[in-house]
Amino acid sequence: MPVFRTAFNGYAVKFSPFVETRLAVATAQNFGIIGNGRQHVLELTPNGIVEYCAFDTADGLYDCTWSESNENLVVSASGDGSVKIWDLARPPAANPIGSLEEHAREVYSIDWNAVRKDSFLSGSWDDTIRLWTIDRPQSMRVFREHTYCVYAAVWNPRHADVFASASGDCTARVWDVREPNSTIIIPAHDHEILSCDWNKYNDCMLVTGSVDKLIKVWDVRTYRTPVTVLQGHTYAIRRVKFSPHQESLIASCSYDMTMCMWDYKAPEDALLERYDHHTEFAVGMDMSVLVEGLLASTGWDETVYVWQFGMDPRAL
Amino acid sequence: MEMEKVRLRQNVLLNHLKPVTFPKASTDLVATVCAAGDSAAYERTGVFGDDVVIVAAYRTPICKAKRGGFKDTFPEDLLAPVLKAVIDKTGVSPNEVGDIVVGTVLAPGSQRASECRMAAFYAGFPETVPVRTVNRQCSSGLQAVADVVAAIKAGFYDIGIGAGLESMTVNPMAWEGSVNPRVETQKQAQDCLLPMGITSENVAERYGVSRQEQDKAAVESHRKAAAATAAGKFKDEIIPVETKLVDPKTGDEKPVTISVDDGFRPNASLSDLAKLRPVFKKDGSTTAGNSSQVSDGAGAVLLMKRSLAMQKGLPILGVFRSFVAVGVDPAVMGVGPAFAIPAAAKAAGLEVGDIDLFEINEAFASQYTYCSQKLELDPEKVNVNGGAMAIGHPLGATGARCVATLLHEMKRRGKDCRFGVISMCIGTGMGAAAVLERGDSADPLCNARPIKDNSLLSKDAK
């Protein structure tokens, strides 16, 4: 299975929703503490992973997302508080085609609306989440309720106006863009929540991953107690994601350098796979929508792996 | 500016790596008192100063009425020795006793109460110690002990004596005066008049206890009583009584000291018992051999709170845990223990399976056998030193004498034998049972001793 070596430390990887062999990787120099950033677009070929193109930035990049309406648009979240928009069809000199600069601090999360396809969210360490559309340079809405860094803001795959956010204030919130305030506040963990994601087959189910090494699955209708708690990681959970193909499959990657696959409905044998191919923090991962079972992960060890579920990422 | 940003980013990331401590109490789990009705008492290891404990329990020998060792003994001369014994053997001062309660059945009430008062005087109690009697037929002796326990717990007094007395030589079972014709209007009232033997036949018939089973139980009772007497097991609990025997022909009085039960037959065999004819019903199964004997005897139990016993330095023979009286159909009064024993166990927070030793009064082999089988009791744990068929059943005394027999046997058996039950059926359709515990089952909490000198403390402590 192919490996790609990035120049900087990897932070996020996202499969293209249009081209099944294409993925975007956001990277930052010096582990994202100080220095530049680079947005890669990679291509899977029979000869391995090759770079399709790359864009350099002044500050590190922490997340990236593909447009759902235009196969050439990539959006990156930058440490200097800006949101960069890239067009792969244009030459590198013309890029970025847009830089949205409203956040006061690092933008840590960026997510494109898969239902309405015209808007995207950015979550920032300035405690706010901003709603943007591709045609406007100003944000449409600011969601200001969290009391600490917002680490993730994720659209609901079914409902065009609903999204969830995960924050260092130990709450996960569910929002509706039509409402002024958050709809549901879930005190999901006793420690910072670094990631959340919606179930692609059950629009009321949410998964959160936290510094307390636990992954909790929630039904937002009964948010007092989690549906299940998945234990197994030995360091903070950096990212959690529900599978686009299987209802109960969850992928998680963690500072313990592993990526794990879980079946949250299995009571005893929830942990299905553990991939320990990274030699530094495993920070970014994605599951392809177009190819069932295709996984990608990136980490601070400057590598990007793409492999099939059930196989060893390091195998050739 | 740049370094500030670097520092902040570092801090955020480092906070993700801080070790995580989980809050102690999860809100998902709540600790509550366990409502299980099972043997919670079994796990009890603490002792409580307000437990009512038995510090002494003694009995006279039990002798056959009209023909045995006490045939010429006045009832109060049976009670006085045991009352004196509980005082002498413990060193408790008689004027500390708050009340003496005597279970006694057949004698006229006021007269027997006066006799008991006299017995207290004979035993050396001062006039300041009151006396009363109690009558719940065959359970009177046990009821007397239970009443003293209740009064001590209620704070009426600190030290009490529960006793039992019956001389069936002086007071045979009889009905004085006429019978109210009203009894014919209600079966249960009428059944209260049934002779006890008829109720035994009813039990044998209704629950299918055969003549042979009954005779076997009687043989066992005699065998065990004989073995216990021969082994000297009753020596700890029997108080010898100095009395007289009068020759019925010549009228000569002979002073005697009665110190053993005289009711049991060491050589009783199944064939001997099979020869006896049914006494109460034609073609019945209850004979004189498989019924309890008519007897004379007395027993006394000294009770106080544990804290007081420890203060006085008295060894604790047993702890009174629970008492229950239940009502059953008068026509089959013998089934009383089958209901009373589970109720008493439950009241003590135990199950019948937790009880290590039983004293079930053998009023009749039919009811005794039925109750043992119904409760699925281990025969090795029931009436191990014989029962009323061999030893005798002086009605009011039985309950109190069973306390002595049970506790002394539990003491011999060791710490393994922790809980015991005394139970009997009661004429007119009742049953009573009490749970007692070994005195030394639970360790006193405190092993602190008073310090004699301060040499181990620093100078500042002085």
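Some notes on this structure:
- Selected residue (only one of A:VAL50, A:VAL83 is buried (at least 24 other Cβ atoms within 10 Å of the Cβ), more than 14 Å from chain B (Cβ to nearest Cβ) and within 23 Å of A:GLY10 (Cβ to Cβ)): A:VAL83
- Given (1) crowded, with 22+ Cβ neighbours inside 10 Å; (2) at pLDDT 95 or above, index of the condition A:LEU230 fails: (2)
- Those strands (runs of 3 or more DSSP E) of the stretch A:18-87 in which 1 or more residues are charged (D, E, K, R), under 19 Å from the mean Cα position of the chain (by Cα) and at negative phi occupy A:22-28, A:37-45, A:61-66, A:82-87.
- Single residue of the stretch A:277-300 satisfying the filter (acidic (Asp, Glu) and touching a strand residue (DSSP E or B) at 6+ places or on another chain (Cβ under 8 Å)) that is farthest from A:THR21 (Cα to Cα): A:GLU280
- A:GLN246 meets all of the listed conditions (1) within 14 Å of another protein chain (Cβ to nearest Cβ); (2) within 23 Å of A:LYS14 (Cβ to Cβ); (3) more than 14 Å from the chain's Cα centre (by Cα) but one, namely (1).
- Verdict on B:VAL382 being buried (at least 24 other Cβ atoms within 10 Å of the Cβ) and under 15 Å from the mean Cα position of the chain (by Cα): no
- Residues that are more than 7 Å from chain A (Cβ to nearest Cβ) and farther than 13 Å from A:TRP125 by Cβ were ranked within the stretch B:1-20; the one that is nearest to the chain's Cα centre (by Cα) is B:PRO19.
- Flag for A:SER165 being closer than 18 Å to A:ASN181 by Cβ, surrounded by fewer than 23 Cβ atoms within 10 Å (Cβ to Cβ), hydroxyl-bearing (Ser, Thr, Tyr) and more than 14 Å from every other protein chain (Cβ to nearest Cβ): no
- Qualifying residue in the stretch B:37-45 (condition: at pLDDT 90 or above, in a loop (DSSP other than H, G, I, E, B) and not basic (Lys, Arg)): no
- Selection status of A:ILE237, surrounded by 21 or more Cβ atoms within 10 Å (Cβ to Cβ), within 11 Å of chain B (Cβ to nearest Cβ) and of a type in the set (A, V, I, L, M): yes
- Complete set of residues in the stretch A:212-226 that are without any contact (Cβ under 8 Å) to a residue 40 or more places away in the chain and crowded, with 17+ Cβ neighbours inside 10 Å: A:ASP212, A:LEU214, A:LYS216, A:TYR223, A:PRO226
- Residue within the stretch B:386-408 that is over 29 Å from B:VAL101 (Cα atoms) and assigned to a loop (DSSP other than H, G, I, E, B) present: no
- Conditions (1) over 22 Å from B:THR257 (Cβ atoms); (2) touching a Gly at 6+ places or on another chain (Cβ under 8 Å): number failed by B:PHE125: (2)
- Meets criteria (at pLDDT 95 or above and farther than 25 Å from B:THR73 by Cβ) for B:THR133: no
- In the stretch A:101-130, residue nearest to A:GLY37 (Cα to Cα) [restricted to those that are within 14 Å of chain B (Cβ to nearest Cβ) and of a type in the set (Asp, Glu)]: A:GLU106
- Filtering B:VAL145, B:VAL183 for residues that are modelled with pLDDT under 95, part of a helix (DSSP H, G or I), in contact with a helix residue (DSSP H, G or I) (Cβ under 8 Å, 6 or more places away or on another chain) and among the aliphatic types (A, V, I, L, M) leaves a single hit, B:VAL183.
- Residue count for the stretch A:270-311 satisfying the condition of being in a loop (DSSP other than H, G, I, E, B) and more than 21 Å from A:PRO244 (Cα to Cα): 9.
- Screening A:PRO187 on (1) closer than 26 Å to A:ILE33 by Cα; (2) within 14 Å of chain B (Cβ to nearest Cβ) shows it passes everything except condition (1).
- A search for C-beta distances below 7 Å between a residue of the stretch A:147-160 that is within 14 Å of chain B (Cβ to nearest Cβ) and more than 16 Å from A:ALA114 (Cβ to Cβ) and any residue that is among the small types (Gly, Ala, Ser) and assigned to a loop (DSSP other than H, G, I, E, B), counting only pairs 6+ apart in sequence or on different chains, returns A:TYR148/A:GLY168; A:CYS149/A:GLY168; A:TYR151/A:GLY168.
- Qualifying residue in the stretch A:131-143 (condition: crowded, with 24+ Cβ neighbours inside 10 Å, under 19 Å from the mean Cα position of the chain (by Cα) and within 14 Å of chain B (Cβ to nearest Cβ)): no
- Residue within the stretch B:364-375 that is outside any helix (DSSP H, G or I) and buried (at least 24 other Cβ atoms within 10 Å of the Cβ) present: yes
- Boolean, A:THR208 is more than 14 Å from every other protein chain (Cβ to nearest Cβ), touching a residue at least 40 places away in the same chain (Cβ under 8 Å) and either touching a Lys or Arg at 6+ places or on another chain (Cβ under 6 Å) or buried (at least 23 other Cβ atoms within 10 Å of the Cβ) (or both): yes
- Residues located in the stretch B:340-355, provided they are assigned to a helix (DSSP H, G or I) and surrounded by 23 or more Cβ atoms within 10 Å (Cβ to Cβ): B:ALA340, B:ILE341, B:ALA344, B:ALA345
- Applying a threshold of 8 Å to beta carbon distances and a minimum spacing of six or more residues, or different chains, the list of pairs starting in the stretch B:397-426 at a residue that is within 12 Å of B:ASN361 (Cβ to Cβ) and ending at one that is assigned to a helix (DSSP H, G or I) and of a type in the set (S, T, N, Q) reads B:GLY399/B:SER140; B:GLY399/B:GLN143; B:MET424/B:THR398; B:CYS425/B:GLN367.
The values are calculated or read from the model by the stated rules, or taken from the named source; none is laboratory data. Nothing here was measured: the structure is a model prediction, and the numbers come from that model. Because the Cβ atoms are built from the backbone with ideal geometry, glycine has one as well, and the counts that use them run over all protein chains shown.
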